[in-house]
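S.K.: Below: one structure in structure tokens.
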Amino acid sequence: MKVGIVGAGAVGSTAAYALVLQGTASDIVLVDLNTKLAEAQAQDIQHATPFAWSSRVRAGGYADLDGSQVVVLAAGAAQRPGDSRLDLLERNAAVFRQIVPAVLDNAPDAVLLVASNPVDVVTDIVARLSGLPAGRVFGSGTILDSARFRALLAEHLGISPTSVHAYVLGEHGDSEVLWWSGATAGGIPVAEVAAQLGRPLDDAARATIDESVRRAAYRIIDGKGATWFGIGAGLSRIIRAINKDERLLLSVSALTPEIEGIADVTLSLPRIVGAGGVLETLNPAFSDEERGALRRSALVLREAADSVKL
Ligand code: ADP
């Protein structure tokens, strides 16, 4: 599988590294405005291939994206300490006005996978700029938030995270919604599992998990300036689902015709990912409180997207 990555900074290069370690891509092209950086990252990652899987990793220009099955869009400004993701919006919108036409000219059949923040709004911009059919453009959205939610629930319950199904939906950011009423383990609602195991999920436990999921990125940025390992691995996981046509259920961000009365908004919902990108979207059954929270999240994103002139 050939994968193009535009933006060879922390996130783009870590995605490439994860692809190599997992043996998902046989050909990886890194494109960056900073060509020296792209060259250096490509060489460094290429040197990992003898310890992992055989892959060709190189730096290139947009013409080298030709034939890519997936192009990851990881270019743009990094989130600074104290920045909300929406602060990045204006800076990144300008970058994508240049990048999207260049990618489409050279890789017209690729799935576009957006990683740049604020990921929902950038995905919305890329979807609108590209004019590609729904499903061919989507963002990493809340995959990491959902992973963290699962991990924390699993820890609380004392069971494997692979046995917990739970999703964070809406914005990848401050207004995100932990879908508590849909969280299950062994097909049983987590509150019931918790009661049976004598590890109740009371209000305090829920508040701790909620805070920990919602503030995770801020804490990491505070400690190391940005986040890259989690998202790099997550992007590689998404690309594997596309490559193997896994029809994997993931909370990823895509343009949604209608959610809670808001039209044409780009946010995360549980979606089926396989060859071709997002194949289907599921419609969760929410509690009244979750419904209101998701509507508020959708409104935040709709407003942010509307503020960007294309
Ligand atoms: P992150 O932590 O999100 O990866 P970085 O700042 O490390 O952020 O990486 C972003 C990369 O995007 C940088 O290497 C930068 O050179 C690149 N970039 C910025 N604008 C463009 C552009 N118009 N085209 C290609 N690459 C770009």
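S.K.: Could you tell me how many of the residues in the range 153-174 are without any contact (Cβ under 8 Å) to a residue 40 or more places away in the chain, within 16 Å of A195 (Cβ to Cβ) and in contact with a Lys or Arg (Cβ under 7 Å, 6 or more places away or on another chain)?
M.R.: 1
S.K.: Which members of the range 157-179 meet the condition of being crowded, with 23+ Cβ neighbours inside 10 Å and in a loop (DSSP other than H, G, I, E, B)?
M.R.: Listed by number, the residues that qualify are A166, Y167, E171, H172, E176, W179.
S.K.: Same structure again: So which pairs qualify, if the first residue must be in the range 100-116 and among the hydroxyl-bearing types (S, T, Y), the second must be within 14 Å of the ligand (Cβ to nearest atom) and assigned to a strand (DSSP E or B), the Cβ gap must be under 7 Å, and the two must be at least 6 apart or on different chains?
M.R.: Final answer for the pair search is S116/L73.
S.K.: Just the residues that are under 19 Å from N243 (Cβ atoms) and in contact (Cβ under 8 Å) with a residue 40 or more places away in the chain, please, taken from the range 48-80.
M.R.: V57, L65, D66, G67, S68, Q69, V70, V71, V72, L73, A74
Matching residues to (1) farther than 21 Å from H165 by Cα; (2) in contact with a strand residue (DSSP E or B) (Cβ under 8 Å, 6 or more places away or on another chain):
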site: A226; (1), (2): yes, no
site: F229; (1), (2): yes, no
site: L235; (1), (2): no, yes
site: L248; (1), (2): no, yes
site: S251; (1), (2): no, yes
site: E260; (1), (2): yes, no
site: A263; (1), (2): yes, yes
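S.K.: What tally of residues in the range 130-154 results from selecting those that are at pLDDT below 95 and either part of a helix (DSSP H, G or I) or within 16 Å of the ligand (Cβ to nearest atom) (or both)?
M.R.: Looking only at that region, the number is 0.
S.K.: Are any residues in the range 241-255 surrounded by fewer than 20 Cβ atoms within 10 Å (Cβ to Cβ) and not acidic (D, E), and if so, which ones?
M.R.: Correct list: N243, K244, R247, L248, L249.
S.K.: Moving to a separate point now. Go through (1) small (G, A, S); (2) surrounded by fewer than 17 Cβ atoms within 10 Å (Cβ to Cβ); (3) under 21 Å from A102 (Cα atoms) for A40 and report which single condition fails.
M.R.: With respect to (1) small (G, A, S); (2) surrounded by fewer than 17 Cβ atoms within 10 Å (Cβ to Cβ); (3) under 21 Å from A102 (Cα atoms), A40 is out only on (3).
S.K.: Hey, another quick one. Has the range 293-307 got at least one residue that is farther than 24 Å from A107 by Cβ and within 16 Å of the ligand (Cβ to nearest atom)?
M.R.: For the range 293-307, residues farther than 24 Å from A107 by Cβ and within 16 Å of the ligand (Cβ to nearest atom): absent.
S.K.: Here's a follow-up. How many residues, within the range 217-240, are among the acidic types (D, E) and either crowded, with 16+ Cβ neighbours inside 10 Å or at positive phi (or both)?
M.R.: Of the residues in that region, 0 qualify.
The values are calculated or read from the model by the stated rules, or taken from the named source; none is laboratory data. Note that the structure is predicted; figures quoted are calculated from it, not measured. In this analysis, Cβ positions are derived from the backbone assuming ideal geometry, glycine residues included, and neighbour counts consider all displayed protein chains.
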